[in-house]
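S.K.: First the structure, which I've put down as C-alpha cells, then a few questions once you've had a look.
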Amino acid sequence: MDDRVILRVGAKFLIPFILLFALYVQFHGDYGPGGGFQAGVIFAAAFVLYALVYGLPNAERAMPPRVVYICSALGVVIYAGVGVVTLLKGANFLDYGVLAHDPEHGQHYGILFVELGVLTTVFGVMVTVFYAFAGRGRKDG
C-alpha cells in the first residue's frame with residue numbers, strides 16, 4: 001500500500017478547487033487582473049499536481065498527450081478564428097466591435113473568445129512541456 005495517503009487525499013480535495021479558481025481567473029479577466037494566460041497556467045498546474053501525486057502514467061491516462069497537443073493547436077485556431085470572423089465582417093483583424101449588434105457587446109465577446117484561445121494554448125503547451133521533462137529517461141516511452 002502507498003504511504004502517501006495524506007498527499008493523495010489532499011490533492012484529490014484541492015484539484016477541483018484549483019480548476020475552479022482557473023475558471024474564475026479566466027472569466028474575471030474581463031473586469032480585473034487575470035485572463036487567459038494566468039488561467040491556462042493555473043489549469044495546467046492542477047494536472048501537474050495530479051501527475052506528481054498519482055504518477056505520470058495515471059496523468060497521461062487522464063489527459064493523453066494527444067489531447068494536450070490538440071489543445072495547443074486548438075487555442076491558436078480559436079484566437080485566429082476570432083480575427084478571421086472580424087475580417088469577414090468587414091473590419092480590421094481582431095476589431096471586436098463588429099462581433100455583435102452593439103460594439104460594446106462585440107468587445108466583450110471578442111475578448112472572451114480570444115482569452116479562451118489563450119487559455120487553451122497555454123494549458124496545452126505547459127502540460128506538453130511537463131510531460132516532456134517528466135517523461136525523460138523512462139524506459140516504457
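The values are calculated or read from the model by the stated rules, or taken from the named source; none is laboratory data. Since the model is a prediction, treat every value here as computed from it, not as a measurement. When we count neighbours, we look across all protein chains shown, and the Cβ atoms used for this are built from the backbone with ideal geometry, even at glycine.
S.K.: Considering each of Tyr109, Tyr69 in turn, give the residue that is more than 29 Å from Arg4 (Cβ to Cβ), touching a Ser or Thr at 6+ places or on another chain (Cβ under 9 Å) and in a helix (DSSP H, G or I).
M.R.: Tyr69
S.K.: What's the total number of residues in the range 23-44 that are buried (at least 18 other Cβ atoms within 10 Å of the Cβ), in contact (Cβ under 8 Å) with a residue 60 or more places away in the chain and within 30 Å of Ile6 (Cβ to Cβ)?
M.R.: 4
S.K.: If you don't mind, another one. Against the condition modelled with pLDDT of 95 or more, of a type in the set (A, V, I, L, M, F, W, C), within 12 Å of Phe123 (Cα to Cα) and in a helix (DSSP H, G or I), how does Phe47 come out, does it pass?
M.R.: Here the answer is yes, as Phe47 does meet what is asked.
S.K.: Starting from the range 1-22, keep only residues that are under 23 Å from Leu119 (Cα atoms), then list their pairs with residues that are of a type in the set (Gly, Ala, Ser) whose Cβ atoms are within a distance under 6 Å, requiring at least 6 positions of separation or different chains.
M.R.: Within 6 Å, the pairs are Ile15/Ala46; Ile18/Ala46; Leu19/Ala46; Ala22/Ala39.
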